[in-house]
Ligand code: FES
């Protein structure tokens, strides 16, 4: 059937079955369609395992210079910020706050696409045959446990609060014990992390709805401002996947940097002081 005919019938609401080969991974596609789900699956698995090991078993060296620079995984370091000292020895701030970034990223619209394709193989890819079991389970929408995806907008509000602490963390890196102020490599590392996280949050679909998405018109006054924000967010939203991965990667690079400085494998250099 010609492509035009298929499109025409679809536009009339007539269900057209596309020719699809039978058998997991079978396809007529000639591109390397499997590379993306593979590297995404590996990256997410490494991120989960790294986080679990770091938080549960290796939660030492999470800051240096007496909390001037704190690891992004353990920030906000609420136990330190609230001066809580009588907590169990095995407890750390990450155990108390990681549910927010996990909840925010786990319910992200882009993330849903990634885990459905990568881990559930439902679908395996466009025009690629999925496993037999995925046909029988099928996609039932946001039901059962997946109904939790609907809390994404509320996770956004919490993520915005975490993000503001991230910028406070950057400011803190410029305050040295002797009262001097300077920009160090640690400032740059946490600064880049905060910026990438800001772009990830700002390119969120729910964020766009928050700023102008629910309005009938954007003419003048506050609605004009919201309209301008909406248009800007729509522009960066196109690259939401890029901000997802770069902000995630920077959390771990930042953690490795803080750990290496705290363990004295490398040192944090002052770049600009005043
Ligand atoms: Fe991805 Fe909101 S849609 S963070």
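The values are calculated or read from the model by the stated rules, or taken from the named source; none is laboratory data. What you see is a predicted model; the values in this text were computed from it and never measured. Methodologically, a virtual Cβ is constructed for each residue, glycine included, from the backbone with ideal geometry; neighbour enumeration extends over all protein chains shown.
Some notes on this structure:
- Breaking point among (1) surrounded by 15 or more Cβ atoms within 10 Å (Cβ to Cβ); (2) in contact (Cβ under 8 Å) with a residue 24 or more places away in the chain; (3) part of a helix (DSSP H, G or I), for residue 130: (3)
- The listed residue being under 25 Å from residue 47 (Cβ atoms), modelled with pLDDT of 90 or more and surrounded by fewer than 14 Cβ atoms within 10 Å (Cβ to Cβ), out of 115, 109: 109
- For the range 70-84, a residue qualifies if it is under 22 Å from residue 263 (Cα atoms) and surrounded by fewer than 20 Cβ atoms within 10 Å (Cβ to Cβ), and the qualifying residues are 79, 80.
- The set of residues in the range 31-60 that are within 18 Å of residue 113 (Cα to Cα) and surrounded by 15 or more Cβ atoms within 10 Å (Cβ to Cβ) comprises 33, 37, 40, 41, 43, 44, 47.
- Of all the listed residues (240, 209), the sole one being closer than 30 Å to residue 40 by Cβ, at pLDDT below 95 and either under 18 Å from the mean Cα position of the chain (by Cα) or within 16 Å of the ligand (Cβ to nearest atom) (or both) is 209.
- Among (1) part of a helix (DSSP H, G or I); (2) away from the ligand (no atom under 16 Å from the Cβ); (3) exposed (fewer than 13 other Cβ atoms within 10 Å of the Cβ), the one test that residue 186 misses: (3)
- Test: residue in the range 166-182 that is at pLDDT 95 or above and within 16 Å of the ligand (Cβ to nearest atom): yes
- Pairs with Cβ under 6 Å, 6+ apart, first in the range 189-210 and touching a residue at least 12 places away in the same chain (Cβ under 8 Å) and under 14 Å from residue 161 (Cα atoms), second more than 16 Å from the ligand (Cβ to nearest atom) and part of a helix (DSSP H, G or I): 194/167; 194/170
- Taken over the range 85-104, the residue count meeting the criterion of being buried (at least 20 other Cβ atoms within 10 Å of the Cβ) and within 16 Å of the ligand (Cβ to nearest atom) is 2.
- Of residues in the range 133-156 being closer than 15 Å to residue 103 by Cβ and loosely packed, with under 12 Cβ neighbours inside 10 Å, the one farthest from the ligand (Cβ to nearest atom): 145
- Among the conditions (1) within 19 Å of residue 256 (Cβ to Cβ); (2) within 16 Å of the ligand (Cβ to nearest atom); (3) not in a helix (DSSP H, G or I), the only one that residue 67 does not satisfy is (2).
- Among the criteria (1) closer than 27 Å to residue 23 by Cβ; (2) in a helix (DSSP H, G or I), the one residue 141 does not fulfil is (2).
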